[in-house]
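Working notes, beginning with the structure itself.
Every read-out reported here was derived from the displayed coordinates using simple, explicitly stated rules and does not represent laboratory data. Values in this document were obtained by computation on a predicted structure and should not be read as measured data. Glycine also receives a Cβ, built like all others from the backbone with ideal geometry; neighbour counts cover every protein chain displayed.
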Amino acid sequence: LKREQEVCNVHADRIKKALVAIEEIAPLSVAKIQNMDTNELGATELLTGRFAKLQDTIGEKIFPLILTNIGEDIKGKSFIDRLNLLEKLGYVGNAGHWFDYRNARNAVSHEYPDSPDLMLKNLTEILSLAKELLSYWENLDQKIKQIIS
């Protein structure tokens with residue numbers, strides 16, 4: 001659990017750096033997206049890539065490890081069952097909202113070079129959700145520290 005926590009902290013740190021870089025080029029627009037330079041594109045790639053990695057690591061590694069470490073039997077339980085259990089135990093605020101992160105991750109994992117409008121929509125959504133995911137991670141990180149100690 002501690003090792004995966006450290007991995008998540010690296011992803012969170014990279015997301016914060018990407019957000020700072022993207023805020024410098026805001027506001028985003030279709031024209032801005034079509035004319036981004038290499039550094040600006042790099043910041044958006046860093047944001048979307050690390051958002052996906054943080055979301056994946058929390059969902060696929062951290063959640064099962066938390067449940068196992070607090071003595072819950074998760075064998076045979078589906079992801080949604082585990083998510084609902086985490087919500088009941090106070091580790092997830094709203095289990096359904098977790099799928100918003102997942103859907104956003106899926107949306108940005110596909111490139112749409114011929115659709116800058118869609119790229120703008122997806123990036124704008126990730127910008128908003130990344131801040132939420134960071135806040136969520138910071139709270140979960142504190143709970144993990146309590147489990148580990």
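Observations on the model:
- Region 1-28 versus region 99-145: alpha-carbon centroid distance in Å: 11
- Violating pairs (Cα-Cα greater than 20 angstrom) within the set Lys61/Lys143; Lys88/Lys143; Lys2/Lys53; Lys75/Lys145; Lys2/Lys88: Lys75/Lys145; Lys2/Lys88
- Quotient of Cα Rg and 2.2 N^0.38 Å for region 37-149, N being how many residues it contains: 1.20
- Residue-by-residue Karplus 3J(HN,Hα) for region 23-30, coefficients 6.51, -1.76, 1.60, Hz, glycine and proline x: 4, 5, 9, 5, x, 7, 8, 4
- In a reduced charge model with +1 at each Lys and Arg Cβ and -1 at each Asp and Glu Cβ, region 13-149 shows a dipole moment near 500 debye about its Cα centre.
- Longest site-free stretch - the chain; sites: GluC sites (Glu not before Pro), DSSP loop, at most 15 other Cβ within 10 Å: 1-71
- Based on Cα contacts under 8 Å between residues 6+ apart, the chain shows a relative contact order of 33 percent.
- Full extension of the chain between Ala107 and Gln34 yields a length gain of 24.4 nm, computed as 0.36 nm times the residue separation minus the alpha carbon distance.
- Qualifying trypsin sites (Lys or Arg not before Pro) in region 15-98, where qualification requires a DSSP coil assignment and no more than 11 other C-beta atoms within 10 Å, comprise Lys75.
- Per-pair calculated FRET efficiency, R0 = 25 Å: Leu118 and Asn9 via Cβ, rounded to 0.05: 0.20
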